[in-house]
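The values are calculated or read from the model by the stated rules, or taken from the named source; none is laboratory data. What you see is a predicted model; the values in this text were computed from it and never measured. Every residue, glycine as well, gets a Cβ built from its backbone with ideal geometry; the counts of neighbours run over all protein chains shown. In case anyone asks, the SASA skips ligands and DNA or RNA and just uses the protein heavy atoms, side chains included. Shrake-Rupley method; radii C 1.70, N 1.55, O 1.52, S 1.80 Å.
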Amino acid sequence: MKHYQRLEGMVAATFTPMDARGDINLSVIDKYADLMAESGMAGVFVCGTTGESHSLTTGERKAILAQWIKSARKRFKVIAHVGSNCQLEAMELARHAQEVEADAFAAMAPCFFKPSSVKDLVDFFTPIAQSAPDLPFYYYHIPAFNGAFLSMVAFLEAVDGRIPNFAGIKYT
């Protein structure tokens, strides 16, 4: 298993800026990124639950991530949340994260057809993680939102050797 640089410091879960009509407002992200850099953030977590990921289209999520990477200017790490109820969409978002040079990516378990076992969870994530093999992959564990109340110790044991770019768990 490949070893990745450990994330250290504060990683902020970013809001997705929107205008009065509810359209994404990419022009705000430059100032937002400046604030994150001035605040000493080690990284930002883009399009997670705070960032309204499940309320956005795939195109919007791609545009937001690309803008964050551009605006960050390597001053801090940019971690993309690619999770979706649709595995193919999550795979597409993971490929995009690698293409635009995100520093890492994460995905939460689906919240509609919930995994009933650790094996189901690993099976769901394997092709997603394989879609961006050069980036560290994190499991975004948030069972209160998606109902995936599974043992993380068992998950760590099951993922070992199955997902080579697995780097850790964002535990919420």
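Structure values in brief
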item	result
Given charges at beta-carbon only (K, R positive; D, E negative), |dipole| of the chain in Debye	180 debye
Top positive-direction residue, dipole computed over the chain with Cβ charges, set Leu56, Ala167, Ile29	Ala167
Alpha carbon centroid spacing (whole Å) that separates the range 138-172 from the range 40-73	21 Å
Carbon and sulfur %, accessible surface of the range 107-172 computed with the full protein complex present, 1.4 Å	62 percent
For the chain, alpha-carbon Rg and Dmax in angstrom	15.4, 47
Student exercise, the range 1-97 dipole from Lys, Arg, Asp, Glu Cβ charges, in Debye to nearest 20	440 debye
DSSP-defined antiparallel bridges as percent of all bridges, the chain, nearest 5	5 percent
Net charge contributed by nearby residues that have their C-beta within less than 14 Å of Ala72 (K/R +1, D/E -1)	+1
Expected 222 nm ellipticity per residue - DSSP helices of 4 or more, -39500 (n - 2.57), all of the chain, to 500	-11000 deg cm²/dmol
Charge context of Val28, other residues only, Cβ under 15 angstrom, K/R +1, D/E -1	-3
Cβ-based charge dipole, the range 1-147, positive-most Cα from Gln98, Asn146, Phe112	Gln98
Modelled FRET efficiency - R0 35 Å, Asp123 with Asn25, Cβ distances, 0.05 increments	0.40
Normalised contact order of the chain, rounded percent, pairs of Cα under 8 Å and 6 or more residues apart	19 percent
